[in-house]
Amino acid sequence: MEFLQMEELSEEDRALVESAIKATDNSYAKYSKFNVGAALLLDDGRVVIGANQENAVYPLGLCAERTAIFAAQAQYPEHSILKLAIAARNQNGLMAKPVSPCGSCRQVILEIEERYHQPIRILLYGTDGVYAIESVKDLLPLCFVEDSMI
């Protein structure tokens, strides 16, 4: 895991982070006022975005990471996910410290890595810097996968 400044990221990574920041505008966060955006890069170069969607019945909401992943899987199941960028803002603006995926999102990302037999580079944006993580397994070291059930 690295902690980098935006200017230290590759052009491709910076563009993906910028897409995640922009995706926070698509968030429906009426209750928490915590807007999260995600952008993922598919192996064909296509970028798919997602944003958190809340509901008065809290369990019915969905995180930005999963909206992006599920949209990509529904539309482009033949393409693997190479990278995922996440950004968040509250009523005061973009978060200074990067936010990381919740446990449910980590498990979904893990399943995608397992499905395509390839790690997903994760970029967690904050105005203070960006965590660059090479695989969700770095965030979920004792993970539960298919081999765990054998």
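The values are calculated or read from the model by the stated rules, or taken from the named source; none is laboratory data. Being a predicted model, the structure only gives us computed values, none of them experimental. Here Cβ is always computed from backbone atoms with ideal geometry, including for glycine, and neighbour counts include all displayed protein chains. We work out accessible area using only protein heavy atoms, side chains counted, and drop any ligands, DNA or RNA first. Shrake-Rupley method; radii C 1.70, N 1.55, O 1.52, S 1.80 Å.
Taken over region 116-133, residues that are touching an Asp or Glu at 6+ places or on another chain (Cβ under 8 Å) and in a loop (DSSP other than H, G, I, E, B) amount to 2.
Could you look through region 134-150, keep only residues that are exposed (fewer than 12 other Cβ atoms within 10 Å of the Cβ) and part of a loop (DSSP other than H, G, I, E, B), and pick out the one that is modelled with the lowest pLDDT? Lay out the reasoning, then the answer.
Step one: of region 134-150, the residues exposed (fewer than 12 other Cβ atoms within 10 Å of the Cβ) are 141-142, 144, 146-150.
Now drop any that are not part of a loop (DSSP other than H, G, I, E, B), which leaves 141-142, 144, 150.
Numbers: Pro141: 86, Leu142: 85, Phe144: 82, Ile150: 77.
Looking at the filtered set, the residue picked out is Ile150.
Given the structure, is Tyr131 at pLDDT 95 or above, of a type in the set (Ser, Thr, Tyr) and open to solvent by 50 Å² or more (accessible area, probe 1.4 Å)?
Spelling it out, Tyr131 is indeed at pLDDT 95 or above, of a type in the set (Ser, Thr, Tyr) and open to solvent by 50 Å² or more (accessible area, probe 1.4 Å).
Considering region 68-90, and only residues there that are among the β-branched types (Val, Ile, Thr) and within 15 Å of Glu111 (Cα to Cα), the residue that is farthest from the chain's Cα centre (by Cα) turns out to be Ile81. Filtering region 91-101 to residues that are open to solvent by 10 Å² or more (accessible area, probe 1.4 Å) and on the phi < 0 side of the Ramachandran plot leaves Gln91, Asn92, Leu94, Met95, Ala96, Lys97, Pro98, Val99, Ser100.
List the strands (runs of 3 or more DSSP E) inside region 1-90, counting only whole elements, that have at least 3 residues being open to solvent by less than 20 Å² (accessible area, probe 1.4 Å).
Answer list for region 1-90: 35-42, 47-51, 81-90.
Within region 105-115, does at least one residue satisfy the condition of being modelled with pLDDT of 95 or more and part of a strand (DSSP E or B)? Checked against the condition, which is being modelled with pLDDT of 95 or more and part of a strand (DSSP E or B), region 105-115 yields no hits at all.
Sort out which residues of region 1-58 are closer than 18 Å to Gln73 by Cβ and acidic (Asp, Glu), and write them in order of number. Asp43, Asp44, listed by residue number. Checking region 111-118 against the condition returns a match, with at least one residue being over 11 Å from the mean Cα position of the chain (by Cα) and among the aromatic types (Phe, Trp, Tyr).
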